[in-house]
Amino acid sequence: IALQEHHDKKLVGMKIAVASSADTPKAVQIGRAALKILEVVPGTSVWDLLISDWGGEDVNQIGRSPPLSSDKSATHFPFLKTATGIPFDKMLFFDDCNWGDHCGKVSSRCTEDSGMGVVAV
């Protein structure tokens, strides 16, 4: 529902991007393809929203191939911050990983000078 509301411009100021540690080049390919197929509303895919938020630029950080790594706190999020200009303390991160604590790493390591960082769920 949040993506539909984002599409309908009900969530003013919200922008979305993806940080995924897909573990093989094929997994990256499949992930990107899925984002282009999954529709938020008829005729608009998740990928369409991801790209439109950033003026047509792909700021998404998907994969583990250099310069990315399996540690999103060391690569994906710093790269997202640089690409988007969004400070860590304005980011929200949802993760479904069940083999490691990506949320803990990202929220504790990706912080601003104030000590505030990414909110991870």
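For the stretch 1-71 and the stretch 78-100, compute the distance between their C-alpha centroids and round to whole Å.
Going from one Cα centre to the other spans 13 Å.
Quick check for me: using +1 on Lys/Arg Cβ and -1 on Asp/Glu Cβ, what's the dipole size of the stretch 1-71 about its Cα centre, in debye to the nearest 20?
It works out to roughly 100 debye.
Enumerate the helices in the chain for which the Kyte-Doolittle hydropathy averages 0.0 or more and the C-alpha atoms extend at least 15 Å along the helix's axis, using complete DSSP H runs.
25-37
Less than 17 Å apart at the alpha-carbon level, and either on another chain or at least 8 residues along: which aspartates and glutamates does that give for K90?
D53, E112, D113
How much net charge surrounds T111 when only the other residues with a Cβ under 15 Å from the Cβ of T111 are counted, with Lys and Arg +1 and Asp and Glu -1?
+2
Can you find, among T82, S65, S45, the residue sitting farthest towards the positive end of the charge dipole of the stretch 42-121, where Lys and Arg contribute +1 and Asp and Glu -1 at Cβ?
Towards the positive end, the residue furthest out is S65.
Using helices alone, I'd like the mean residue ellipticity at 222 nm for the chain: each DSSP H run of four-plus residues gives -39500 (n - 2.57), total over residue count, nearest 500.
Taken over the chain, the calculation gives -10000 deg cm²/dmol.
Between rounded, prolate and oblate, where does the stretch 1-83 land on the alpha carbon gyration tensor, with a ≥ b ≥ c its root eigenvalues, rounded for a/c under 1.5, else prolate if a/b exceeds b/c?
Oblate, since a/c reaches 1.5 and b/c is not below a/b.
Heavy-atom accessible area per residue, the chain, 1.4 Å probe: how many Å²?
60
Among G13, W54, A27, flag the residue with its Cα farthest along the positive direction of the charge dipole of the chain, charges on Cβ as +1 for Lys/Arg and -1 for Asp/Glu.
A27
Near K72, which aspartates and glutamates are there with a Cα under 15 Å away, not counting those fewer than 8 places off in the same chain?
In chain and number order, the partners are D23, D95, D96, D101.
Ignoring trypsin sites (Lys or Arg not before Pro) that are buried or in helix or strand per DSSP, and keeping those with at most 12 other beta carbon atoms within 10 Å, what is the longest stretch of the chain between them?
Segment 11-121 is the longest.
The values are calculated or read from the model by the stated rules, or taken from the named source; none is laboratory data. None of these values were measured; they are calculated from a predicted model. Methodologically, a virtual Cβ is constructed for each residue, glycine included, from the backbone with ideal geometry; neighbour enumeration extends over all protein chains shown. The area values use the complete protein model at the heavy-atom level, side chains included, leaving out ligands, DNA and RNA. Shrake-Rupley method; radii C 1.70, N 1.55, O 1.52, S 1.80 Å.
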